[in-house]
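Notes for the one structure printed next.
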Amino acid sequence: MIEQLLSHKTIRKYKSLPVPDETTDKILRAGCRASTTGNMQLYSIIVTRDEANKKRLAPLHFNQPMVVNAPLVLTFCADFNRFNKWCVQNNASPGYDNFLSFVTAAIDAMLVAQNVTIAAESLGLGVCYLGTTTYLAAQIIEILRLPNGVVPVTTLTIGWPDEDPEQPDRLPLDAIVHHESYKDYTESDITGAYLEKEVRPDNKKFVVENNKKTLAQVFTDIRYTGNDNRTFSNSLLEVLKQQGFMNQ
């Protein structure tokens with residue numbers, strides 16, 4: 001299991017082979033054994049196999065081709081709808097219409113998504129996380145018919161790998177792990193932490209292709225700009241209000 005985790009790669013190209021129902025059920029059952037706040041299981045998973053439905057979702061993930069090409073698209077949702085209804089039906093008054101409750105449910109959903117990832121990879125499947133899910137959450141809610149109390153937080157494409165990409169870089173452990181208390185970074189600490197990332201040929205090429213001077217500028221000026229972040233942040237806050245998670 002440790003070797004599997006250390007070997008993780010993002011797979012964006014898949015063979016034209018279906019994932020059998022029994023395999024899908026197996027990885028979903030494993031996913032639902034993830035830790036969950038108070039054993040409430042505050043999540044739902046929308047499984048999309050239908051080609052037409054995948055094509056409807058694709059523009060909401062910036063038309064990344066794996067959304068259509070993967071045999072399975074799983075949308076993981078923070079979900080208090082089910083739990084709230086259970087409370088009401090049993091003469092209990094739910095108080096989960098607030099931001100903290102959304103965060104709690106979102107954490108639950110992400111834990112399940114990671115369990116599903118590990119389970120899928122253990123069976124030889126490949127996965128790709130889509131960080132675009134929260135950007136256009138309102139439209140995803142409409143397409144997937146998500147009721148009040150349900151918000152999509154991440155998406156996985158899953159299928160049989162048709163590529164063997166190079167493993168992406170990761171920061172060294174000593175750049176991430178703090179012992180006993182947080183130790184803030186000096187300038188030299190930052191230089192050392194990001195050195196391996198910056199000297200990789202693919203990242204150097206990325207800088208040149210985007211006409212930038214540093215890799216950091218690629219992130220701030222091209223990939224994740226302040227304007228985009230504020231736009232999508234405001235949109236998500238509206239979604240949380242619409243779905244009943246912003247009562248203070």
Of the labelled options (1) 17.9, 63; (2) 22.2, 85; (3) 19.9, 62, which one gives Rg and Dmax of the Cα atoms in Å as computed for this structure?
-> (3)
Among the aspartates and glutamates, which have Cα under 16 Å from the Cα of Lys183 when same-chain residues fewer than 8 positions away are ignored?
-> Asp174
Evaluate the Kirkwood expression for the hydrodynamic radius of the range 143-201, namely the inverse of the mean inverse distance over all pairs of different C-alpha atoms, and round to one decimal in Å.
-> 16.2 Å
Cα-derived Rg over Rh, computed across the range 37-79 with Rh taken as Kirkwood radius | 1.11
Roll a 1.4 Å probe over the protein heavy atoms and report the accessible area of His178 in Å², nearest 10.
-> 60 Å²
For the range 110-182, report the accessible area per residue in Å² (1.4 Å probe, heavy atoms, rounded to an integer).
-> 50 Å²
If N is the residue count of the range 74-167, its Cα Rg over 2.2 N^0.38 Å rounds to 1.28
Electrostatic dipole magnitude of the chain [Cβ: Lys, Arg +1; Asp, Glu -1; Cα centre; debye, to 20] | 620 debye
In the chain the accessible area split gives carbon plus sulfur, as whole percent at 1.4 Å, a share of 53 percent
Divide the volume of the convex hull of the Cα atoms of the range 1-138 by its number of residues and quote the answer in cubic angstrom per residue.
-> 135 Å³
Could you pull the accessible area for Cys32 with a 1.4 Å probe, rounded to 10 Å²?
-> 50 Å²
Given the candidates Val67, Phe99, Ala30, the one whose Cα lies deepest towards the positive end of the charge dipole of the range 1-131, counting +1 at each Lys or Arg C-beta and -1 at each Asp or Glu C-beta, is Val67
Only Lys, Arg (+1) and Asp, Glu (-1) charged, at Cβ; the range 82-206 dipole about Cα centre in debye | 640 debye
Looks like the range 124-241, by Cα gyration tensor root eigenvalues a ≥ b ≥ c and the a/c under 1.5 rounded cutoff (else prolate when a/b is bigger than b/c, oblate otherwise), is prolate
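The values are calculated or read from the model by the stated rules, or taken from the named source; none is laboratory data. The structure displayed is predicted, hence computed values, not measured ones. All Cβ positions, glycine included, derive from the backbone under ideal geometry; neighbour counts span all protein chains shown. With ligands, DNA and RNA removed, areas are computed over all heavy atoms of the protein, side chains included. Shrake-Rupley method; radii C 1.70, N 1.55, O 1.52, S 1.80 Å.
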